[in-house]
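Participant: Let me begin by handing over the structure; questions about it come next.
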Amino acid sequence: MTTPCIVTMDLQRYLVEQERLDNVLDALDSITKEVTKDLLHYNEVRIGSQRWTFDDVLSVAFETEEFCDICKALAQSTTEPERFLAQRTSYQYMIEAAAEALASTLAERIFHLRKHGGFYDYR
């Protein structure tokens, strides 16, 4: 009977760890998508006693450099339908990006709570 070589054992440990990390990243991605959807649909996201709502998404968007530019462009294009629609689309993407950014910061906390039997709720 031969014993496995060190390289084979290290490779096996690496593959097991890589699979575990891939599973964690998949779970975090899934949670981020779930929370993003909840926030964009005006559902409250609660982790323990803390709550996040669409207002928090707007706060995140407000902190971006593009917020003022997009709002100004929206206001200036009210008489030009095509330009207004383009700016509206930019605003929508900015809000979606802000919701995803907030959700990604919450995803890790939610993942650990779920892993350890904690409470996460949305309403």
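Participant: Find, among the chymotrypsin sites (Phe, Trp or Tyr not before Pro) in region 48-123, those assigned to loop by DSSP (not H, G, I, E, B) with at most 14 other beta-carbon atoms within 10 angstrom.
Facilitator: Details: sites: Trp52, Phe54, Phe62, Phe67, Phe84, Tyr91, Tyr93, Phe111, Phe119, Tyr120, Tyr122; in loops: Phe119.
Those satisfying the criteria are Phe119.
Participant: Can you give me the relative contact order of the chain as a percent, contacts being Cα pairs under 8 Å and 6 or more apart? Don't skip to the answer; put the middle values down first.
Facilitator: On the way: 103 pairs, mean separation 42.7, N = 123.
The normalised contact order for the chain reaches 35 percent.
Participant: Filter the GluC sites (Glu not before Pro) in region 36-116 to those in DSSP coil with at most 16 other Cβ atoms within 10 Å of their Cβ, and list the result.
Facilitator: On the way: sites: Glu44, Glu63, Glu65, Glu66, Glu82, Glu96, Glu100, Glu108; in loops: Glu44, Glu63, Glu65.
Taking region 36-116 and a limit of 16 other Cβ atoms within 10 Å, the loop GluC sites (Glu not before Pro) found are Glu44, Glu63, Glu65.
Participant: Can you run phi through the Karplus equation (6.51, -1.76, 1.60; θ = phi - 60°) for region 41-54 and list ³J(HN,Hα) in whole Hz, with x for Gly and Pro?
Facilitator: 9, 6, 7, 7, 10, 10, 10, x, 9, 8, 10, 10, 9, 4
Participant: Along the positive direction of the dipole of the chain (beta-carbon charges: Lys, Arg +1; Asp, Glu -1; about the Cα centre), which of His112, Ala98, Thr79 reaches farthest?
Facilitator: His112
Throughout, read-outs are computed from the coordinates displayed, never taken from laboratory work. None of these values were measured; they are calculated from a predicted model. When we count neighbours, we look across all protein chains shown, and the Cβ atoms used for this are built from the backbone with ideal geometry, even at glycine.
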